[in-house]
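These notes concern the structure reproduced below.
The values are calculated or read from the model by the stated rules, or taken from the named source; none is laboratory data. Note that the coordinates shown come from a computational prediction; the quantities given were computed from them, not determined experimentally. Glycine also receives a Cβ, built like all others from the backbone with ideal geometry; neighbour counts cover every protein chain displayed. Just the protein is used for accessible areas: all its heavy atoms, side chains included, with ligands, DNA and RNA removed. Shrake-Rupley method; radii C 1.70, N 1.55, O 1.52, S 1.80 Å.
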Amino acid sequence: MLYLDYAATTKPAEKVVDAMVSAMREFPGNPSSLHAEGRKANKRYNRAKKHIADLLGANRENILFTSSGTEAINFVIKGTHARHPDKTILVSTIEHTATKKAAEYLEDKGTSIRRIGCDKDGYLRIDELEKALRETDVSLLSLIYANNEIGTVQDARKIAAMCHAHDVKLHLDMVQSPLHEKIDLKGLGCDYASFSAHKFFGPRGVGFLYAKTKDDLDPLIHGGKQEDGLRAGTENLPGIVGTEVALAEAAKHVEKREEKIGILAGDLLSALAESSITWRLNGPPLDKPRLKNILNIGLKDLDADDVAFRLDKEGIGISEGSACSSGIIEESHVLRAIGVDDDHIGGSVRISFSHEQTKEDMERLVHALEKIVGNVGKKKP
Ligand code: PLP
């Protein structure tokens, strides 16, 4: 299959699988146990945590392992709210469902949530943010740094400075970032950041939260003393080792891979421009700050589910809108928030690739699209 859904998940790298299998064999002990087997596992766990922190420009104490990016996001939003129940939480209008739903959940229970809009390319409206920070007593801005549907990358440094001027903490959802930039968390200036290993050729079921300080974070899961007593549960050591190896590989190859991805993005847009298809790029152009491996293409008057279904029959896997909402036919709130029009929103598909693809793969996709476009159903009213 020509897999073009890397934003949904990536296949664990061979090195990652090998490291995880070895970790299962070599470190069967519980890192909390005081005997030799436990101490050995604990040493490996600490080494992995330190290495992950080093790779991100952070300290060992800043990293809290979770079971997913979704959990890391819930951790910071609910953990902050528990400490500051009377304050407002800010989110953008183009968040991943993890943030969107966590905010809606709190809002249903009476918490003040304020949503900050974005421009047509998905960049946060700085004037709206400034107004909200001035008018409201805010505890946290939770912001998707690199958007999983349209690729927009936000100006984190500027936004962090604005938040800090008002004594507000900034959480960045960086789940889509590690394959695409060398991350320096201290340099970015955020207070929290969420990650998920399966988005960077690591295992599923492992995520982590970076927390500059933990003073403002309520425990998420109660039980043992793991993760500094904030997130109890015996550590997933094989998964953590797999995450460490995957992140190290991502950091090592990021520049070279990103260069190739940039070329492939250009190849795909050129092939589409030369085709007979009527389309628009949803999200920023390639020369603006963005992930170049996520291209959201609005196919005029078509039905995205039908397009994805027919491409699947041709052996090509893409996603309609956001993969997390696949299976449920639901209009993308992200595309709506950036003002994608009725003619294109129902026919919008997300093509997400990696350095592993070729120019020929991009051409194959466009040829397949041209072939099926005539047969595809029209967008449902
Ligand atoms: N945030 C973003 C931007 C994502 O793309 C995803 C996954 O699609 C998540 C959060 C959730 O991560 P996980 O799948 O690890 O729960």
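Residues in the range 271-303 that are of a type in the set (Gly, Ala, Ser) and farther than 17 Å from Leu4 by Cα were compared, and the one that is modelled with the lowest pLDDT is Ser276. Taken together, Pro219, Pro238 contain a single residue that is in the same structural domain as Glu181 (by TED's automatic domain parsing), touching a strand residue (DSSP E or B) at 6+ places or on another chain (Cβ under 9 Å) and more than 16 Å from the ligand (Cβ to nearest atom), which is Pro219.
For first residues located in the range 219-239 and farther than 14 Å from Gly79 by Cβ, partners that are open to solvent by less than 30 Å² (accessible area, probe 1.4 Å) and of a type in the set (Ser, Thr, Tyr) and lie 6+ apart or on another chain with Cβ distances below 7 Å form the pairs Glu235/Tyr45; Leu237/Tyr45. Can you find a residue that is more than 12 Å from the chain's Cα centre (by Cα) and within 16 Å of the ligand (Cβ to nearest atom) anywhere in the range 147-157? Yes, that holds for at least one residue.
Here is a yes/no grid of residues against (1) surrounded by fewer than 23 Cβ atoms within 10 Å (Cβ to Cβ); (2) assigned to a loop (DSSP other than H, G, I, E, B); (3) within 16 Å of the ligand (Cβ to nearest atom):
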| site | (1), (2), (3) |
| --- | --- |
| Glu130 | yes, no, no |
| Leu172 | no, no, yes |
| Val175 | no, yes, yes |
| Glu181 | yes, yes, yes |
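Residues of the range 267-276 that are loosely packed, with under 14 Cβ neighbours inside 10 Å and in a helix (DSSP H, G or I): Ala273, Glu274.
Every test in (1) within 14 Å of the ligand (Cβ to nearest atom); (2) open to solvent by 10 Å² or more (accessible area, probe 1.4 Å) is passed by Phe208 save one, and that test is (2). Looking at the structure I just gave you, is Gly122 open to solvent by 10 Å² or more (accessible area, probe 1.4 Å) and either of a type in the set (A, V, I, L, M, F, W, C) or assigned to a loop (DSSP other than H, G, I, E, B) (or both)? No: the conditions fail for Gly122. Within the set Leu335, Leu302, Leu365, the sole residue that is within 16 Å of the ligand (Cβ to nearest atom) and open to solvent by less than 40 Å² (accessible area, probe 1.4 Å) turns out to be Leu335. Screening the range 1-89 for helices (runs of 4 or more DSSP H) wholly inside it with 3 or more residues that are more than 16 Å from the ligand (Cβ to nearest atom) and free of Cβ contacts under 8 Å to residues at least 40 places away in the same chain returns the ranges 14-26, 36-55. Every condition in (1) outside any loop (DSSP other than H, G, I, E, B); (2) outside the structural domain of Trp279 (by TED's automatic domain parsing) holds for Lys260 except the one numbered (2).
Please go through the range 183-205 and give me each residue that is aromatic (Phe, Trp, Tyr) and either open to solvent by 10 Å² or more (accessible area, probe 1.4 Å) or more than 10 Å from the ligand (Cβ to nearest atom) (or both), ordered by number. Result: Tyr192, Phe200, Phe201.
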